[in-house]
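Peer 1: Submitted below is the structure of interest, expressed as structure tokens.
The values are calculated or read from the model by the stated rules, or taken from the named source; none is laboratory data. All of these numbers come straight from a predicted model, not from anything done at the bench. Cβ coordinates were reconstructed from backbone atoms using ideal geometry, including for glycine residues, and neighbour counts include every protein chain displayed.
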Amino acid sequence: MAMGQQHPSMIRIQEIQKEIRESRRLVVSFSGTQSDREYKHLESSLTKLLFELDAIDTDGKSDIQHGRKSAVNELEGLLKELEQIATHPSRLKVERVFGDAQQLVTNELSSAGGLITEEFADRIQEIIFQLTQVKTGGKIGLRKARYRALTRICAVQDIIENCIGRQALSLPLSTDMHPSVPKIHSVLSEVSKARWDVIGLLMNLNALENCAHLSRVLTGLLMQLDAVDVTGQSEVRNYRKRVVHEINCLLEHLEMESEGEAAASYDLAQNESIKQIEGIRQKTTQLKQKLLQLENVCDDHFKSKSELQSLLTELDKIDIGKNPCIREARRRSVVDVQAVIAYVDLKESLEKRRNMEEQLKDEHASQKAVWQVLNDLSEFQKQVLSFDGFRTDKNYMRLEEMLTKQLLALDAVETQGNDGAKVARKQAVKFAQNILNYLDMKTDEWEY
């Protein structure tokens, strides 16, 4: 039936269905909470459509009744989905962790008098780790919420690490050194104030500031520095260069207002960098399975080790952009490759010792004891590499217990003042701890 011959009620239902399709896109990508203005607007729009549908006269026609009922069910489903996203435990955890970050920034600003401390940097890193552990179950809205919180806090981390790095380089130059130095000091003082303004803006703490205003302020400071005469003064020129670099970093982070709007930023299923990392993980798994089947060191060990090292090179070239989830995914893949290489290295070292039995007969007893533990660790490392389970599994608890026992065995080795034994024990302890850390990483249920 042509549109002009359709019942007016059916025409309105079809118009509403078109609005529902547009609303679905907004609901699926919604990343806020119930207190957000966007939530209230979406909820109001969907409720209004429900009222409109309820007011439509079906005129007793079954097709109109069916169309109206179908549209009502869709709308009620969208309202429920919107509420579930806004009240999802993971969404609330993101909000809670971001709130902790806001409180941390507020406390640091008031207690440290505007200075950046290493303790502050450590706390920010802990918060980032908490956010990377939030599970999203693949839901776009939850991924978006986690990503936006992460990118903002990671921007703050970059700012404070850059500041700490600058503080560690050297103290500002003496004002007596050159007439331009006091001018750079003055600009640096303004940069220090602007730094906290940028941090406050990123953390949604300063409602009076906006990106455009701060950008103008920082650009003005750059112009002041550009006008400073540093001719023939390399130290002064380098001082100015460091301040310019910090301003440019702050300007870059002011672009965060537009971060996270494109689906590709937070929905990583089709992200090219993640695809590359996943491809490398598959290659690592294949090489690992091949190596675990070999009982003795042979040419295949050296060939596989070379392939693993090339995978590390590939991982190093992957573009992680500003996405901390991709950065963590790459880090974990690097650790995975390194764990397999460490296994091959230990196997090679143990094989070499077996072939040097005569030369090692006078080796210090403490060193022999350390190598005996390493021999046991090699077997447990093999089991950890092949382990594919959860922390609640009996095998996990057994491996954790046995690795802990190896650490205790190393702790019990008396080096008797032998420098070689001390170094060997220290390296063996680090090796055992790395295996334990790798076991933990494999079972922490992390998702990108």
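Peer 1: For residues that are at pLDDT below 80 and not aromatic (Phe, Trp, Tyr), scanning just region 419-448, find the one that is surrounded by the fewest Cβ atoms within 10 Å (Cβ to Cβ).
Peer 2: Going through the qualifying residues, I end up with Glu445.
Peer 1: Okay, next question. Pull out all pairs, ordered by first then second residue, where Cβ-Cβ is under 7 Å, the residues are six or more apart or on different chains, the first lies in region 410-421 and is in contact (Cβ under 8 Å) with a residue 40 or more places away in the chain, and the second is β-branched (Val, Ile, Thr).
Peer 2: From residues that are in contact (Cβ under 8 Å) with a residue 40 or more places away in the chain, the pairs are Leu410/Val370; Leu410/Val373; Leu410/Val429; Val413/Val370; Ala421/Val370; Ala421/Thr415.
Peer 1: Quick test for you: out of Phe98, Phe30, pick the one residue that is in the same structural domain as Leu142 (by TED's automatic domain parsing) and surrounded by 13 or more Cβ atoms within 10 Å (Cβ to Cβ).
Peer 2: From the options Phe98, Phe30, the qualifying one is Phe98.
Peer 1: I'm trying to understand the selection: among the residues of region 89-137, which are more than 21 Å from the chain's Cα centre (by Cα) and not in a helix (DSSP H, G or I)?
Peer 2: Result: Ala112, Gly113, Gly114, Leu115, Ile116, Thr117.
Peer 1: For region 164-190, which positions are closer than 30 Å to Glu95 by Cα and modelled with pLDDT of 75 or more?
Peer 2: none
Peer 1: Say whether the condition of being touching a helix residue (DSSP H, G or I) at 6+ places or on another chain (Cβ under 9 Å), over 30 Å from Ser304 (Cα atoms) and part of a helix (DSSP H, G or I) is met by at least one residue in region 422-436.
Peer 2: Within region 422-436, one or more residues are touching a helix residue (DSSP H, G or I) at 6+ places or on another chain (Cβ under 9 Å), over 30 Å from Ser304 (Cα atoms) and part of a helix (DSSP H, G or I).
Peer 1: Could you give every pair whose Cβ atoms fall below 6 Å, whose first residue belongs to region 214-236 and is more than 30 Å from Leu202 (Cα to Cα), and whose second residue is in a loop (DSSP other than H, G, I, E, B), counting only separations of at least 6 or pairs across chains?
Peer 2: Close Cβ pairs satisfying both conditions: Gln233/His178; Val236/His178; Val236/Val230.
Peer 1: What are the residue pairs meeting all of these: first residue in region 357-369, first residue in a loop (DSSP other than H, G, I, E, B), second residue surrounded by 10 or more Cβ atoms within 10 Å (Cβ to Cβ), Cβ atoms under 6 Å, and 6 or more apart or on different chains?
Peer 2: Close Cβ pairs satisfying both conditions: His364/Asn418; His364/Ala421.
Peer 1: Quick check: anything in region 284-295 in contact with a Lys or Arg (Cβ under 7 Å, 6 or more places away or on another chain), surrounded by fewer than 17 Cβ atoms within 10 Å (Cβ to Cβ) and outside the structural domain of Gln133 (by TED's automatic domain parsing)?
Peer 2: yes
Peer 1: Being β-branched (Val, Ile, Thr) and part of a loop (DSSP other than H, G, I, E, B) is the filter here, so list the residues in region 1-55 that pass it.
Peer 2: Thr33
Peer 1: Could you grab the pairs with beta carbons closer than 6 Å, sequence gap of 6+ or different chains, first residue in region 85-98 and closer than 14 Å to Gln34 by Cα and in contact (Cβ under 8 Å) with a residue 24 or more places away in the chain, second one in a helix (DSSP H, G or I) and of a type in the set (Phe, Trp, Tyr)?
Peer 2: Listed by first residue and then by second, the contacts come to Ala86/Tyr39.
Peer 1: Could you list all residues from region 320-354 that are outside any helix (DSSP H, G or I) and closer than 24 Å to Thr443 by Cα?
Peer 2: If the condition is that a residue be outside any helix (DSSP H, G or I) and closer than 24 Å to Thr443 by Cα, then Ile320, Asn323 are the ones that fit.
Peer 1: While we're looking at this one, here's another question. Condition check: more than 16 Å from Tyr147 (Cα to Cα), in a helix (DSSP H, G or I) and not aromatic (Phe, Trp, Tyr). Does Glu76 satisfy that?
Peer 2: yes
Peer 1: Still on this structure, please answer the following. Can you name the number of the only condition in (1) modelled with pLDDT of 85 or more; (2) assigned by TED's automatic domain parsing to the domain that holds Ile199; (3) loosely packed, with under 12 Cβ neighbours inside 10 Å that Arg240 fails?
Peer 2: Condition (3) is where Arg240 drops out.
Peer 1: Take region 376-395 and flag every residue that is surrounded by 13 or more Cβ atoms within 10 Å (Cβ to Cβ), among the acidic types (Asp, Glu) and not in a helix (DSSP H, G or I).
Peer 2: Asp393
Peer 1: I'm checking my understanding of the structure. Among residues of region 250-272 that are modelled with pLDDT of 85 or more and of a type outside the set (D, E, K, R), which one is surrounded by the most Cβ atoms within 10 Å (Cβ to Cβ)?
Peer 2: Leu250
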